[in-house]
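First up is the structure itself, then whatever we jot down about it.
The values are calculated or read from the model by the stated rules, or taken from the named source; none is laboratory data. These numbers were taken from a predicted model, which means no experiment stands behind them. With ideal geometry, Cβ positions are generated from the backbone for all residues, glycine too; neighbour counts draw on all protein chains shown. To get the accessible areas, we keep the full protein, side chains included, count just its heavy atoms, and leave off ligands, DNA and RNA. Shrake-Rupley method; radii C 1.70, N 1.55, O 1.52, S 1.80 Å.
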Amino acid sequence: MWPIKTCIFFAGFISSCGLSLVFPILGIVTYMMIYQLNPDDTWWGKPLEDLDIRLSLTAAVCMILGMLISSARVPKTKEVVGDWLLMLITFTLIVLASLWIGTGTTQYGDMLADKMVKMMIFLFCLVRMGGTTRNFRMVLWTFAIGTLYIGYEAYNASGSDFADGRLNFIGGPDFRESSGLAVHMAAMLPLLGVLFLSTKKWRWKALLMIAGVLAVNTIIQCRTRSAFVGLIVGTIIAILILPRKQRLKVGVSIIAVTLGMFALADEHFWIRMQTIVGHETYAKEGAIQARLELWGAGWQMFLDHPFGVGIGQFKQAVEQYNTGAEMYAFSIPRRVTHNSYLLCMTELGIQGISVLFALFSLTLWKLYLCWRWSRIEGDSSPIKLYAYGCLLAIVIYSVAAAFTDRLYTESFWWVMALPVCLERAAARRFAGMLASDEQSIAEESASVDAGKDHDPQDSYSETRWTPVPRRGLHGSVRHLNPAREIPVPESDTLVRISKPSFTEMTHRKHRRRKRVSENLFAGNTPKTVTQLGESTDTISHAVESLLGSSTGDIRMFDLEEGVGQWAARTDSVTISYSGQLANGVVFDTADHEHVELNSIMPELSKGIRTMREAGRRRIVIPAKDTSEETMIFDVTLLAVHE
């Protein structure tokens with residue numbers, strides 16, 4: 001009879017694998033959870049050995065089958081591979097080629113090459129499935145639940161789980177030893193932080209807080225200097241690039257984590273951390289001195305073999321550089337490099353390290369694109385917050401990787417792939433907003449032009465509006481220099497759209513419901529994105545066009561769809577609004593202001609007239625030339641006055 005914990009896990013595993021055939025994103029989640037829980041090395045997972053089932057392989061097969069069977073739920077894109085995945089494939093080919101161009105092959109090297117191919121396949125699936133905001137958030141929550149479990153196991157660790165006072169044998173196969181475990185948990189902290197800030201319900205916030213405390217406790221139990229250095233650098237970067245609207249919350253979170261670490265850390269932890277800066281202790285302590293000696297030998301190996309000695313060959317090849325003068329490097333045979341970048345240089349050569357740095361550069365570029373596009377939504381954009389957390393996770397992992405071997409670990413590459421998923425999700429999110437709005441406007445215009453189901457008494461003639469020379473909403477923008485104002489030129493003829501009849505409103509509601517249902521069940525953006533071009537490059541171009549300074553029509557994004565009367569029936573409305581420049585400077589705000597639509601900026605009037613009561617819309621007014629600036633208004637239509 002299996003233990004209850006074994007039964008619960010196996011039932012959940014079978015259910016997740018079955019559901020992943022219908023919902024492929026669950027295949028991603030299942031595979032990631034198996035990796036983090038590592039049931040093969042737990043007491044409750046031992047009874048499953050009798051079934052002779054490879055859990056991770058089963059989850060991966062169900063994930064791939066799900067993407068093939070339920071292809072409608074895979075985010076559609078013509079850019080099947082993309083630049084980052086293409087670079088990853090190149091890196092994998094370099095790994096495989098090193099088996100032939102290196103100095104030899106070993107069983108360990110063959111295992112690493114096989115593992116790299118499997119990682120590439122999973123990363124391809126992860127990037128494809130993580131390309132929507134909802135799926136990306138599910139991936140973050142998978143990290144959070146895994147961190148909670150690993151932290152709980154570390155909290156309940158027995159004495160046999162420690163070696164030389166440091167925690168080992170906890171978590172997935174790639175971080176069973178203390179250094180790998182601590183680095184992984186350190187990289188999870190910023191991801192937990194952004195989930196905490198973007199989650200509204202306090203029961204989930206409490207769960208994330210517990211996971212964060214357990215993660216910090218695990219890092220302290222590992223007593224790993226590489227993770228500590230990564231956290232220091234990550235904290236400095238976090239302070240330097242604090243999101244403007246989240247500065248207080250993020251600042252408080254950083255202080256809380258820092259104080260929590262000081263409260264949980266014991267004397268032995270700080271004694272070990274002090275050896276980082278104590279040069280006189282290197283020779284006495286041994287571990288740091290051994291790293292320095294190994295790095296010197298590794299550099300000489302790279303100079304002798306610029307195209308690499310082959311994957312998995314460093315441990316054997318480094319023995320040739322034992323001059324006898326080293327104090328610690330060769331005291332233990334077949335030492336590892338303790339430096340992921342040096343490992344890449346020595347085993348994969350100059351071609352490997354070049355592609356690796358190219359992957360890093362592409363990752364950072366995609367984070368920059370996410371930050372740039374998030375300006376469409378403003379400081380409250382979740383995309384900006386997610387990009388902030390991903391950047392910090394990458395910084396922590398990449399800095400710590402300079403002092404430990406992380407090159408062939410899955411969690412390292414998962415964190416590297418997060419910005420790629422986020423960039424696709426951001427492009428789809430903002431292009432979808434643009435496409436949905438343009439489709440609605442096109443339908444409105446088509447119905448007016450066709451004269452379908454409209455009351456002739458409600459129709460309006462063409463009208464030219466003249467803006468009143470007032471500040472902010474009423475025609476000009478106040479700059480940081482109060483003496484300088486940018487006038488808004490008059491617009492061309494504006495067609496006022498009449499209120500649709502009941503029949504037309506019914507047709508529109510039916511079409512809208514149909515589009516929403518198709519998007520929800522297909523995991524796709526509105527069909528009009530196809531008209532823009534489904535490749536990420538084309539979508540990116542569409543989003544970028546909103547942020548430029550070139551002349552163009554206004555852009556409107558419905559943040560909340562109204563349910564009341566149409567503003568097109570009248571010239572008098574009550575609104576709340578805020579106006580800001582493209583650089584984020586807010587120049588005007590008002591709450592419950594009664595305005596006459598024929599007395600405000602014509603571009604803004606045009607955007608309000610197609611709104612309904614209780615609706616909230618973002619109206620982007622591009623600059624006409626280089627002497628002006630793009631203006632962004634967030635408008636809530638509170639009431640329409642007859």
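Worth pointing out:
- Stokes-Einstein diffusion for the range 53-118 at 20 °C, viscosity 1.002 mPa s, with a Kirkwood radius from C-alpha pairs, works out to 148 µm²/s.
- Taking the Cα centre of the range 10-134 as reference, the dipole from Cβ charges on Lys and Arg (+1) and Asp and Glu (-1) amounts to some 560 debye.
- Convex hull volume per residue in cubic angstrom - Cα atoms of the range 123-268: 125
- Distance violations [Cα-Cα > 20 Å] among Lys76/Lys115; Lys200/Lys384; Lys200/Lys245; Lys205/Lys249: Lys76/Lys115
- For the range 219-311, the solvent-accessible area works out to 54 Å² per residue, with a probe of 1.4 Å and every protein chain left in place.
- Cα gyration tensor shape of the range 1-96, rounded if a/c is under 1.5, else prolate or oblate by comparing a/b with b/c: oblate
- At full extension, Met111 and His594 could sit 166.8 nm farther apart than now, given 0.36 nm per residue minus the alpha carbon distance.
- Taking a sphere under 14 Å around the Cβ of Ile255 and counting the other residues whose Cβ falls inside, with K and R at +1 and D and E at -1, yields a net charge of +2.
- Within-15-Å neighbourhood charge of Ile239 [Cβ basis; K, R +1; D, E -1]: +3
- Global geometry of the range 15-166, whether rounded, prolate or oblate, following the gyration tensor of its Cα atoms and the 1.5 cut on a/c: oblate
- Note on Tyr341: accessible area approximately 40 square angstrom, rounded to 10, probe 1.4 Å, nucleic acids and ligands left out.
- Per residue, the solvent-accessible area of the range 15-107 (1.4 Å probe, heavy atoms of protein chains only, all protein chains present) comes to 49 Å².
- Neighbourhood charge, 14 Å Cβ-Cβ cut-off, centred on Pro419 and excluding it, Lys, Arg +1 and Asp, Glu -1: +2
- Here's the picture: charge each Lys and Arg Cβ at +1 and each Asp and Glu Cβ at -1 in the range 56-155, and of Thr133, Met111, Ile150 the one pushed furthest to the positive end of that dipole is Thr133.
- Rounded percent of accessible protein surface that carbon and sulfur make up, the range 37-159, 1.4 Å probe: 64
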